[in-house]
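No lab work stands behind these numbers, since they all come straight from the coordinates. Only a predicted model underlies this, so the values are computations on that prediction, with no experimental measurement involved. Methodologically, a virtual Cβ is constructed for each residue, glycine included, from the backbone with ideal geometry; neighbour enumeration extends over all protein chains shown.
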Amino acid sequence: MQTRKVQLSGGTTYTVSLPKSWATEHGIASGSELTLHPNDDGSLLVEPSEDIELDDRQATVDVSNYDRETVGELIRAGYTVGVDALTLVDRTGHSLERQQAIEEVLGGLSGFEVMETTDTRVRITSLVDADNVDIRKSTLRLRLVMLAMHRDAVTAVRERDEALARRLIRRDHEADKLFAMVTRHYRRSLSNLHEVAKLERSRDELFEYYYTARQLERVADHAEKIARLALDPGVGVPDCYDDRIAALGKRARGVVDDAADVVLEGADVETAVAALEAGDEVVADIESFDRDLYCHGDTTEAGCLGLLLDSLRRTADYGVNVAEVALEQEIRTDTDR
């Protein structure tokens, strides 16, 4: 780190000299233009103007020797790290099955579309710019999807409703798609200040929304896991436990919902504190229930219900994680005032 003294030039302008090594590295000489980015925390970022119009992030990958699953993972990786264009090259030619697999993967990625196809190349381009993305609203939407999935999952397994379970499992695709979009733009914001400006959120806010979305997506995954229990003929909730399972599911969801209210909707910090306490209480009750099953119930029945209880416990745990970031958000905003 280097320090510089502020000088007064011409009686009206403050000037600061630049480190020569940095200027030389970036091709800055007398007459060069610089861009200044004042930040809310009082810092000032100096950036060479030539870097403002950044070239599109492009990547080319030879997939000749990869199976469809690996190609899918590569596409998702490119989307997540924020590339604007991804070209898949296969020297032997892209088969129809490969092309169909690519289209299937793209169905789960907002804004990624095939723009050019030849015998050996498939070019995928992002059509969505950060100007048209609202990370907070996307996370709010994810919360709504997650809550509906979790509620229906618990109902499906309690009532052995296979049709409801299958509909819910299909909805996990929507949750994954929302989280992928939040992740993409958060990752881009880490290396591109212009992305931050377009998203109209500070990096702190973007991290808090991303972290919250991650917890919500995990709850959605457990909702899918619970729903799949409803498709297993060997799993069911005995009538004597039905009300207890319903109550635990509602309480676990409530922890997540209340904590997310603080991060996403500006609810007071007491709501986050209450969510932390409620999370600890519901986890303790779930663990106590689980022990009772193994001590006093049928071991097969206990094992099946144990899978359900584990997902409910993890739901509450993820809610506690959101509550913790809500407290961190409160401290951060207090120090920023």
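Peptide packing for 60-73, 18-31, 264-277, 317-330 was compared via the average number of neighbouring C-beta atoms within 10 Å per residue; ordered from the highest value, the list is 317-330, 264-277, 60-73, 18-31.
In the stretch 58-128, the inverse of the mean reciprocal separation of distinct Cα atoms equals 11.8 Å; this is its Kirkwood hydrodynamic radius.
Overall, the ratio between the Cα radius of gyration of the chain and 2.2 N^0.38 Å, rounded to two decimals, is 1.26.
When peptides 252-258, 288-294, 198-204, 177-183 are sorted by average Cβ neighbour count within 10 Å, with the highest value leading, the order is 252-258, 177-183, 198-204, 288-294.
Percent of C-alpha pairs per 5 Å bin in the stretch 217-275, short distances first: 4, 15, 18, 20, 16, 11, 8, 6, 1.
Direction-averaged projected area, Cα convex hull, the stretch 241-337: 6.0 nm², rounded to one decimal.
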